[in-house]
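Asks: After the structure tokens below, expect a handful of questions from me.
The values are calculated or read from the model by the stated rules, or taken from the named source; none is laboratory data. All values derive from a computational prediction rather than experimental measurement. Ideal geometry is used to build each Cβ from the backbone, glycine not excepted, and the neighbour counts take in all protein chains shown. Heavy atoms of the whole protein, side chains included, go into the accessibility calculation; ligands, DNA and RNA do not. Shrake-Rupley method; radii C 1.70, N 1.55, O 1.52, S 1.80 Å.
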Amino acid sequence: MQRKKSWIFWWLMSFVSYEMLYENWVSGQGSCETICNITSNIGRNHTECCMDYTDKVLRTGKVTDAMTTLESVLERTEVNVSMQVCVKTFVALLHKPNDTFGGLKIYADDTQVTPDVPLLNSKVLVQLPRELDAGPNNKIVFCMFKWPKMNESIFESPHEVYDQRLVGLSVQNKEISGLQERINITMEFTKKIDETQKPSCHFLNYSTCNFSEDGCLTHWTRGQTTITCSCNHLTYFGVLIIPDPSITKKDQEILTHITVIGCSISLFASVIAILLFITNRKLRQDVSMKVHINLVIALMLLNLHFLPSQAAAAGSSSGLCLYMALLLHYSLLATFSWMALEGFHLYLLLVKVFNIYVKKYLLKLSVVGWGVPAVIVSVVVIIDRKFYGQVALETSNSTICYITNSYVKIWTTVVLFSLVFLFNVIMFGVTIRRVLILHHTREFGQNNLEKTKKDICSLAGVMTLLGITWGLVFFSFGLLTTPALYLFCILNSLQGFFIFLWFVMSLRKAKTSATKMSSETRSTNS
């Protein structure tokens, strides 16, 4: 009876120690070795124990520690020929080659793994080449596992890892890289890949938690239910689901250069336009010009914060990136707001016409144009400052400081712009109708041709002020993607320059009118 009590006491103490050690390991103060040395004494396999605890540690976010420990334990586990270990989300195979290694095929699903024997519902097939030159002292380790979605954010990748699945490969006592005969990993897709997305083979450097595609080739065509990753080294591999831009890398580089050059020209032109407005009294007295200059200021702020955003994202200062992202979002919203107010001002001039006097009109427009974006950005910051940070550009490999949350981006930019665009398209249609009516009332002749040219220029100016060209983004799909993106980048990056031309034409028109009036006055007096 006394021996039974002692055994129960020892078992309880082991269990308590076991739990305490796990808590310490999770907090970074213990090790898998210490825990599993105790648990193996109460009938638990050492390797299974480490895989079980690695699964638990993955759920806490300490992925680097968990994966390093797991790899170390699997490589040190003794095996005669082959041994499979399956624990929860982990499936592992330990294979000891013969004297001559002629290659190896590994089949695996979520519950089992076998060497050279096909499985009925195999999800992963790994083909290891002869070039590995593994012998009895070079145990081959295969590991496949998933991690919870809540830990996906720890990896420095804005893209989803398909099925949260990683495949790890290593050879004991060997560093495998630069292979001529590539390692082929074929994975089966259980979910359909969206038309706007494509899979891409990457490997995970788990010491830095960065995904990279260096040394890996992706073999996949649209509609195919499997993907093959062909790599020249061993590590942990996964398939990332990335946006399919449907444009070549050369086009991406050209579009980037066009955008930078266009925005730089617009920034310079916007500054000149503001100086012209300040120094010209007649422009300052024109209410329409006051509305236009606010749009110019918004565009200037947008270009001023967009151009250095990539450099800010590449820097180490998170505070600077937060500032750039916040101001970029604000200036973009301000640009949309003043485009909408341009449409509202056009409505008063062309549709309402009479009784359009509004007390403190410009002040009220300014409250809406600058205040509403400030409120939206403030609400986003109050909810969570992490909504602003580094974001990967879909059409290039670079990053900028902008909105990190897709829902915030959609509701505060895409939806808002869609409403502005719809209203301004209606107002542009009203403008075209009014111009056509005036055109039909004129008499034919050379003078009419001159006025037609002026009407075309006026419509182009109105289109620029209303931001109609921003709507090209809605046509960037399918065969239209590349042409639409080229037009979008050219026209919208130069929007500030086009408005500057509008200011110059207005000044010229004002001077011509003043000269004509002066000459008419002199002829009348004479």
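Asks: Can you list residues from other chains, or at least 5 along the same chain, whose modelled amide H is less than 5 Å from the amide H of Leu234?
Replies: Answer set, sorted by chain and number: Ile176.
Asks: By its C-alpha gyration tensor, with a ≥ b ≥ c as the square roots of the eigenvalues, how is segment 72-141 shaped: rounded for a/c under 1.5, else prolate for a/b larger than b/c, else oblate?
Replies: Oblate, since a/c reaches 1.5 and b/c is not below a/b.
Asks: I would also like to ask the following. Determine the share of segment 209-343's accessible area contributed by carbon and sulfur atoms, expressed in whole percent, with a 1.4 angstrom probe.
Replies: Answer for segment 209-343 is 64 percent, counting heavy atoms of protein chains only.
Asks: Can you list the HN-Hα couplings for segment 498-509, worked out from phi with the Karplus curve (6.51, -1.76, 1.60; θ = phi - 60°), rounded to whole Hz and with x for Gly and Pro?
Replies: With coefficients 6.51, -1.76 and 1.60, one gets 5, 5, 4, 4, 4, 5, 4, 5, 5, 5, 5, 5 Hz.
Asks: While we're here: For a protection proxy built on the mean count of beta-carbon atoms within 10 angstrom, sort 496-508, 376-388 highest first, please.
Replies: For the peptides 496-508, 376-388, the packing ranking is 496-508, 376-388.
Asks: Moving on. Each residue of segment 288-298 in turn: what ³J(HN,Hα) in whole Hz from Karplus with 6.51, -1.76, 1.60 and θ = phi - 60°, glycine and Pro shown as x?
Replies: In residue order, the calculated couplings are 4, 5, 5, 5, 4, 5, 5, 5, 4, 5, 4 Hz.
Asks: Of Lys192/Lys249; Lys386/Lys409; Lys290/Lys359, which ones are farther than 18 Å apart at the Cα?
Replies: The answer is Lys192/Lys249.
Asks: Got a sec to turn the phi values of segment 89-102 into Karplus ³J(HN,Hα) couplings, 6.51 cos²θ - 1.76 cosθ + 1.60 with θ = phi - 60°, whole Hz, x for Gly and Pro?
Replies: Each residue's phi maps through the Karplus curve to give 8, 10, 9, 9, 10, 10, 10, 9, x, 7, 4, 10, 9, x Hz.
Asks: Kindly rank 262-274, 106-118 from highest to lowest mean number of other beta carbons found within 10 Å of each residue.
Replies: 262-274, 106-118
Asks: Still on this structure, please answer the following. What is the sum of charges around Ala298, taking Lys and Arg as +1, Asp and Glu as -1, for the other residues whose C-beta is under 14 Å from the C-beta of Ala298?
Replies: Result for the local shell: 0.
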